[in-house]
Amino acid sequence: MKIRTRIVLLSATLMLGCAIGAADTEIKIGNIMPYTGAFSEYGATGRAEAAYFQMIDDQGGVNGRKIKFISLDSGSDTGKAVALAHQLVEQDQVLATVGIWGTAANLAIRQYMSEQKVPQLFVAATESAFDDPSHFPWTMGFQASKRTEGLVYAKYILEHKPGAKVAILYVGDPSGDEWRQGIRDGLGAKAAAMIVKEASFAYSDPEALDAQIVVLKNSGADVFMNLVVGRLATRAIRKAYDIDWHPLQFIPNASLSVAAFLEPAGLQKAAGIITNARSKSWLKPPSRQDPAVRAFLEWMRKYNPDASMRDANNVYGYEVAQTLVEVLKKCGGDLTRANVMKQAASLDLELGMLRPGIRVTTSPTDYQPIKQLYLIRFDGQDWSPIEN
């Protein structure tokens, strides 16, 4: 699947200050998304980004230039990432990429993007590895890291359930280990006594997930760190409930979408789960008094009408696309890849859908634009902030 993938040859005469990927009327932006396959639920993010750019184009574009968003389907196959990145850079000649989904895909192309000096902006992955400007100055993350998530969850447990017996389910790779280590570091000296069982799994072996959850239940744990993303998060939530295990459960931010992951698990089965967020609520009527929330909902109705209002992936795509547009505006007429990266590394933005107090800030030594998060709990219908 491609979104707005027509290929147009660049004008032979580019405006002064423009380079590959930017002409006098157009800016090419690349993206790779899992529109099909095991992680296809996250394709909603790419569709939301395309819809946001369409709104910007309808408003006249960025400094008079329309955004041509070239979004390629990975089929949820990480092995395709390198070839697709080559296509975007060498064939489509994009100015930059934005919001490419997945840790493995972004790590696989990071060296290539650095060698080609193409901005790999606001990757849809939360490893601390994407905040490394000294080694990879062309690659930038977006939201709070997995380590930050783990530290915040651990702090909550220590404050609210200090006698907890903790079980951790995590993917057996460096990505899952960052979450796990963040929890361990957050628990500090109490980690050895509080963590009663850890179990790893692989996304390629979903059947083994069920057995691991049974093992974790049998450990006697009353806190379940369910560090699973995508449809396997749905499966893990459902399995724990169905075997009559009802611990205090935490899931990653990446699994919080009600439409994509909690409804398929069963809303009752997800009740009481805790995760983290950075964005405002948009489903409850009182939230619609906020002009920024109303603007988001109006955009959804006009530009993304087939998407579920209950899918948080739409908010994520909206925020990423909005941030990129601000970067392009800051570039003015100097639409070179070097200037795009320079402007991306000097942000101080307040996005309308971000919770008050959370800003997008970067510098040449800080490539993690969003650093803050807050905890939320699912009440069986929607997420509500946890007041500390």
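Table: residues versus (1) charged (D, E, K, R); (2) closer than 27 Å to S76 by Cα.
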{"residue": "K190", "(1), (2)": "yes, no"}
{"residue": "A199", "(1), (2)": "no, yes"}
{"residue": "L227", "(1), (2)": "no, yes"}
{"residue": "L248", "(1), (2)": "no, no"}
{"residue": "A254", "(1), (2)": "no, yes"}
{"residue": "A260", "(1), (2)": "no, yes"}
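Considering each of T323, T275 in turn, give the residue that is within 20 Å of F142 (Cα to Cα), out of contact with any Asp or Glu (no Cβ under 8 Å at 6 or more places or on another chain) and not in a helix (DSSP H, G or I).
So the residue among T323, T275 that is within 20 Å of F142 (Cα to Cα), out of contact with any Asp or Glu (no Cβ under 8 Å at 6 or more places or on another chain) and not in a helix (DSSP H, G or I) is T275.
Please determine whether any residue of segment 155-168 is touching a Lys or Arg at 6+ places or on another chain (Cβ under 6 Å), touching a residue at least 12 places away in the same chain (Cβ under 8 Å) and crowded, with 16+ Cβ neighbours inside 10 Å.
So far as segment 155-168 goes, yes, one or more of its residues are touching a Lys or Arg at 6+ places or on another chain (Cβ under 6 Å), touching a residue at least 12 places away in the same chain (Cβ under 8 Å) and crowded, with 16+ Cβ neighbours inside 10 Å.
Right, T234: modelled with pLDDT of 95 or more, over 20 Å from L256 (Cβ atoms) and crowded, with 19+ Cβ neighbours inside 10 Å or not?
no
Do we find that I358 is within 21 Å of A125 (Cα to Cα), surrounded by 15 or more Cβ atoms within 10 Å (Cβ to Cβ) and in contact with a strand residue (DSSP E or B) (Cβ under 7 Å, 6 or more places away or on another chain) in this structure?
So I358 fails the test.
Restrict the check to segment 161-176 and report whether at least one residue is part of a helix (DSSP H, G or I), at pLDDT 95 or above, over 20 Å from I213 (Cα atoms) and not small (G, A, S).
The answer is no; no qualifying residue exists.
Is there any pair linking a residue in segment 126-151 that is assigned to a loop (DSSP other than H, G, I, E, B) to one that is of a type in the set (V, I, T) and surrounded by fewer than 18 Cβ atoms within 10 Å (Cβ to Cβ), with Cβ under 8 Å and at least six apart or on different chains, and which?
Matching pairs, first to second residue: P133/T365; S134/T365.
Quick test of your reading of the structure: A240 fulfils all but one of (1) in contact with a Ser or Thr (Cβ under 9 Å, 6 or more places away or on another chain); (2) closer than 21 Å to Y153 by Cβ. Name the failing condition by number.
(1)
Could you please let me know if P133 is under 19 Å from L95 (Cβ atoms) and out of contact with any strand residue (DSSP E or B) (no Cβ under 7 Å at 6 or more places or on another chain)?
For P133, the condition - under 19 Å from L95 (Cβ atoms) and out of contact with any strand residue (DSSP E or B) (no Cβ under 7 Å at 6 or more places or on another chain) - is not met.
If K269 passes every condition in (1) assigned by TED's automatic domain parsing to the domain that holds M225; (2) in a helix (DSSP H, G or I); (3) under 21 Å from Y374 (Cβ atoms) but one, which one does it miss?
The failed condition is (3).
The values are calculated or read from the model by the stated rules, or taken from the named source; none is laboratory data. Note that this is a predicted model, so its numbers are computed, not measured. Here the Cβ is made from the backbone with ideal geometry for all residues, glycine too, and neighbour counts use every protein chain on show.
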